[in-house]
Amino acid sequence: MNAAMTTSMLRVEEEDFLIALDDLAALADSLGARANALSLIPPGPGGPRTAEAAAAFRALSPELQVRLAVAIGILRAPSKMAHWHHTIADETVSRAVLAWSTSVEESIVGLAGTVDPRRITFWTQASVKASISKMLAAGGGLSNDEIGCKLSTHAVVVFLAALDQMKATRLHGMLTHCASEVTFSRDEILERLRDAASEDFRWPLLFVEKLIPGQLVTSLTDQEVASALGELLRAGLMEAASEGRVARYELSTGGKVIADSVLHEVSKVALGVTEPQADGQLGRDIVLLVRSAYYMFLFAMAGQAGAIAALDQDELAATLHLALQPATPPPAVQAPVSTAATAAQPAAAPPPLPSKDWYVIHAGQSRGPVDEPTLLRMLPSLPSETLVWNQDLPNWMTAREAGLMPTPAVQLCSRCGTVLDPGQRFCANCGLSQA
């Protein structure tokens, strides 16, 4: 590092910039960077600090000036942003924000830290995915059990509150040397929700609550919690433990698998992605990923819809691909055309149909976009569980689910009707030879 790269206000470490948030705001003002609704840099304090920030900027080399100016422009007016938190073994804790720009497609700018100085760094989609995968130790060893279901956002929040309640009773049992309580009431869930604004990264709900818009968690009503508990009962994640004056609940077998994984976590990552929607509103998708010794669980909340599911390596890659994909430019606004002017013009030819671009996830790697003929040529060499997506599909799905691979004919045992696996020589139910 040379003298031109260091001032009392700004430091450069390798390719990162270190600067206090107020100084960063002053520097953004000195550069005339305009803010938008997603701005991650507040207005500057004004006065002499703005001039000092301009002087610190001029002390940088021309290459660093360009790099820092691009970063500030993206952070001041991102087209998409994400809060990114992670913990590893309850010891390493990090919080950062990421910013995208439609004009600088290859770069994601990160602003890390909650105290000064903040660190500005450049990422790519691939490097963020690789970093999160490393934090979650997602290279292998994950169980591929089909555990999970679609839920409302309220139900996901209430289930996380139930996990916090399980953790609280477990800790109490350890301190008192007594068996921990395995059931809980609606009032106990409400108490956990009211405490969700507390700051403690070790608790699942407290860890992710900061990413959930507004006061959704702490403002859930008694009726909303009751409805969410009913939804979790129907989904098979909880069971009624008693039907007395005060109803109590306990986790089902599947719910206990999720709870044990979360309560014995190795690491966890939370992403809260915010992006303008077509209607001009800001939409936020929240993803909490928790890794234990054998499982990785996803807790997703997007608007009113949510999900809880076990993920394997490919499903994690697909989830991160969707969350971290480049920002979409806002739709162009066309000026209205008068009826008279439209009638005076000849009918225009219909626009050509857009090509259908596909994306493919296999063995943790993403490919695309590719057109459909190319994809169809690729698929015979790929397993049927290969995940695919295009803009017409609501979510990633297997190539067979998307209708790109033929569904194999179902083979039944001629004696008892049991469904046979491809190539199975004997019926597992009655033992009849299938030769």
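Of note:
- Here r is the Cβ-Cβ distance between S180 and L322 and R0 is 41 Å; the resulting FRET efficiency, rounded to 0.05, is 0.65.
- The residues of segment 169-227 present an accessible area of 55 Å² per residue when probed at 1.4 Å with all protein chains retained.
- The slack in the chain from T374 to E91, taken as 0.36 nm per residue of separation less the alpha-carbon distance, amounts to 97.2 nm.
- Two-site label geometry, E14 and S219: point separation in nm, points 7 Å out along Cα→Cβ: 4.3 nm
- Here segment 241-310 exposes an accessible surface that is 52 percent carbon and sulfur, computed with a 1.4 Å probe and the other protein chains kept in place.
- Simple spin-label estimate for K134 and R202 in nanometres, 7 Å along Cα-Cβ: 2.7 nm
- Carbon-plus-sulfur accessible fraction, segment 67-145 (probe radius 1.4 Å, protein heavy atoms only): 52%.
- Percent of Cα-Cα distances greater than 26 Å, calculated over segment 1-154: 35 percent
- Where only alpha carbons of segment 181-237 are counted, the Rg and the Dmax (Å): 12.0, 32
- Between D392 and D357, full extension at 0.36 nm per residue minus the direct alpha carbon distance yields a gain of 11.6 nm.
- Candidate residues R95, R377: accessible-area rank, largest first, probe 1.4 Å: R377, R95
- Label separation (D260 vs R248): 2.2 nm, computed from points 7 Å beyond Cα along the C-beta direction.
- In this calculation the C-beta distance from R367 to R194 is compared with R0 = 51 Å, giving a FRET efficiency of 0.65.
The values are calculated or read from the model by the stated rules, or taken from the named source; none is laboratory data. The model shown is predicted, which means the values in this text are computed figures rather than measured ones. Counting neighbours? That spans all protein chains shown, and the Cβs are built from the backbone with ideal geometry, glycine included. These accessible areas exclude ligands, DNA and RNA; they are computed on the full protein's heavy atoms, side chains included. Shrake-Rupley method; radii C 1.70, N 1.55, O 1.52, S 1.80 Å.
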